[in-house]
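The next block holds one structure in the form of C-alpha cells; read it before the comments.
What follows draws every value from the coordinates through simple rules; no lab data is involved. What you see is a predicted model; the values in this text were computed from it and never measured. So basically every Cβ, Gly included, is an ideal-geometry build from the backbone, and we count neighbours across all protein chains shown.
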Ligand SMILES: [Fe+3]
Ligand SMILES: [Fe+3]
C-alpha cells in the first residue's frame, strides 16, 4: 500500500500551508504558464515561493507528498494533465495500483469501504 | 448647479454597465499601470474595452459622466489621485463649487439636506 | 411572474463532457451512461426553459484559494468557457440573465443569505457539462440563458447541507417573485459518490447513492440533516458535491413528479447519475 | 477561553492616516480630531489585546468588482499593506491570527453565515487607519495580531443592518468559544455620515450621527432595524459604512460601559467619530 492518508480535507490550515503549491498548479490553466513551467520547472517553483519540500514534491511528481503539504487534487490535477496523466493514474498512485488496475476496479463498480 | 444625480448607487446593473471603466480605474493601483496609462491614455482605454462614451469621459476627466456610465467613486478616485486632484476637488465638481469652496463648506460643518 | 418548470440533478464529471466533445458516446465505456440520459433529454427538449439556474462548483478555474466564497451568483451578461488546463471545451459561450441574477441577489441578501457576486466568471465543466447533459448539440448557442450559482464544496468547511437546502428554498421564492413571464429550470450538479485523492480514492458507495437518489424527491429534509462529515465519510471527499442537489430540490415546490432517473458506475472515478423532476407548481 | 475586552468604533478615513503619516496631527485642521482620540488611546494602551478583530470594507484595492463577497474573513498568516494608487502607507505589515480566523469561519459557517475566506489580502486604509487610531506609533510591528472581517458596503445591495448585527453576535459567540486564553478587541470601522459623489456630495447629518453614536451603546436593535435605503438617505451613500459598527456592537456582550467618545467634522469629506466600550463580560 501507499502512505496516503484516507482522506485529504482542504481545511483552512491546509489551504494556508499549501498556498504556494496550489497557486503554482492553478497557474497552469494559462497556456503561457504551462510553457514557462515546462521550460524550467525549478525556476518556476522558486518564482512561486514553494518550500524545499513542496519543490521536491513537484519536481519528482510525488503526488502523495503534494497532498501532505497542503495541495488540493483539483490543483495538482492540472499538473498531471500537463504530464499526460489521467485521474486513473493518480488514483492508482494513491492506492498502490497501476492506472489499468485502478480503471478496472472502477469498471467493476468502484472501491468499497466500511 | 451640475447635472449630477443626488446619489449614485453601484447596484448590479451599474456594476455591469461600468465594468470596463471601473476595471481601468482600479488597475491604476499598480504603479506600472499608472505609467502605461499616462504614456497613452487612449490606447489604455481601448485595451480595457471602454465604450466610446466611457473613453471620452476618462480622457476629458468628465467625473460626472463617469458615474452616469456606471463608475464608482472608489475607482475613479484613483484616477483623480493620479491627476493630483483631491476628494474636495471632486466634491466641488459634483456640486458646482471650487475645491476651496467645497473645503470651506466641509469645515463649516458640511452640507445639510432634508 | 416567473415559474420553475423542472429541476435536473446531474453529475458534472469532466469526462462526460469530453466523451461528447470527442464523439465517444457510443463507445462501450460510455454508451450505458448516455443511453440512460435519453428519456430525460427527450422530455427536456419538449419542455424548454428560458433560463437555467445552474448550481455548481468551480474547480480551481475561476475561483482560486485567494478568495473563496461560500455562495456566489453570476451577474454578468455572458460567461466565457474556461480553459481548465487542457484548452476550453468546444461549446458556445454562456449567455447570462443579468436581470434575473440581480433580482435573485437582492432577494437573497434581504433574506439573510450572504451572497458573493461575480461580474467576471469563466465557467468550467461544473456548469458546461450539465448544459451538455441537457442539450448535447447546442450548435452556435445554448438554448437558454443561464444564472450560475456557485457553492464552495472544495474548501472545508463547506456550507451545511441544511444551509444549502434553505438557500434553495429562498432561490425558489425569489424566482417565483420575478416579475417576468419566464420559464425557469434549476440544475443541481455534482456527485454522486467519489473520492479522487488519498487511500480511499475510487470509493463508490452505491447504497448511499441509491438512498440519496430516492430521498431527494420526497425526503430532502433527511438529506439536509446529514453533516458534512457524514457526506465525506459516506460519499467521499468529493461526493459532498451532493449538497448542491439540495439547493435545486429546495427551489422546487413540494409538488414534483419524477420524470426519469438513471445511475451508472463509473464515469471516470465517479458514480454518475441523473434525476429529472417536473415541478407541478405550488398547490 | 478567549474573551472580548473592548470594542472600538472608529472612522477609517484615509486622510486620518495620511495626517499621521505626514506628521500633521497638530495642524489646526487636524488637532481637534486627534485631541479627541487621546483619552481613548491612553485607556487602550493600558488594556492591550492579543488579537484585534477588525470589521472593515475594502475600497477597490484587494476586492474588485469581478467577485464581491458580502462577508469575508482573512485566514492568512500575514497581510501586506495595500498600494491604493499612491503607494502603501509607511506602517508595518499586519500579522494574522490564522487559528482564530479558522475557528471563526468554522463556527460562523455552521451558524448559517455564508462567509468568504481570504488567503491573500492586501489591507487598505479601511483596516490600517483604525490600527493607527488605536496605536499611533507601532514602530516595527503592530502590538497585536489581526483577524480582518470584510463587509461589502460599496456594491448595492449591501447586507442589511440587522444581518450585520446578527453576524456580530455570532462572532462574539465564536470568539468566546475559542479555546485559548486570548484577549480580543473588536473594531467596527467606517462612517460617520458622508457622501463622496453626486449632487449631495459633502452631506453631513450630525443629528443622525449623534443619535447613532448614542444608540450604538444601548439600543443597537433600533439601528439594526433601519433599512439600507434609510442609511443612505440619512448618512449618505458612503455613510452606510456605519452598518459595520453594528457587527462590532453585536460581538460585545450586553454589559458594556462607554470609556470615551468623540465626534468631529470634517475629516476630508466625512464626519469622523470614535467610541470606545469596555466589555464587562456576560453576567
Ligand atoms: Fe465537481
Ligand atoms: Fe470606507
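Stokes-Einstein D for the protein assembly as shown at 20 °C, 1.002 mPa s, Kirkwood Rh over Cα pairs, in µm²/s? Rounded, D is 78 µm²/s. Given the C-alpha centroids of segment C:133-149 and segment D:209-283, what is the distance between them in whole angstrom? Value for the Cα centre distance between the two parts: 48 Å.
To the nearest ten degrees, helix B:73-82 and the longest principal axis of the Cα atoms of chain B are 80 degrees apart.
Dividing the helix sum by the residues of chain D, where each DSSP H run of 4 or more adds -39500 (n - 2.57), gives a mean residue ellipticity at 222 nm of -10500 deg cm²/dmol. For residue A:83, inter-copy separations between label points set 7 Å beyond Cα along the Cβ vector come to 5.5 nm, shortest first. Between identical copies, the spacing of residue D:214 label points, each set 7 Å from Cα toward the C-beta atom, reads 6.5 nm from nearest to farthest.
Based on the reciprocal of the average 1/r between different C-alpha atoms, the Kirkwood radius for chain D equals 18.4 Å. In chain A, the calculated helix contribution to ellipticity at 222 nm averages -17500 deg cm²/dmol per residue, counting -39,500 (n - 2.57) for every DSSP H run with n ≥ 4. The residue of chain C whose Cβ sits closest to the rotation axis that maps C onto D, together with that distance in whole Å, is C:114, 2. If you take the beta carbon distance between residue B:101 and residue B:61 as r and set R0 to 22 Å, what does 1/(1 + (r/R0)^6) give as a FRET efficiency, to the nearest 0.05? Efficiency for this residue pair is about 0.70. The label point for residue A:113 and the one for residue B:32, both projected 7 Å from the Cα toward the Cβ, are 4.4 nm apart.
Comparing Cα centroids, segment C:26-54 and segment B:13-52 end up 43 angstrom apart.
A simple spin-label model places the labels of residue D:227 and residue A:82 5.3 nm from each other, with each point 7 Å out along Cα-to-Cβ.
Label-to-label distances for residue D:80 across copies, nearest first, come out at 2.4 nm, using points 7 Å from Cα in the beta-carbon direction. Treating r as the C-beta distance of residue D:254 and residue A:47 and R0 as 56 Å, the FRET efficiency rounds to 0.60. With kT/(6 pi eta Rh) evaluated at 37 °C and eta = 0.692 mPa s, and Rh the Kirkwood radius from Cα pairs, segment B:12-83 diffuses with a coefficient of 281 µm²/s according to Stokes-Einstein.
Which residues in segment A:71-114 place their backbone N less than 18 Å from a point set 7 Å from the Cα of residue C:31 along the Cα-to-Cβ direction? So the set is A:107-108. Summarising the label geometry, the points placed 7 Å from Cα in the beta-carbon direction at residue D:38 and residue D:282 lie 4.0 nm from one another.
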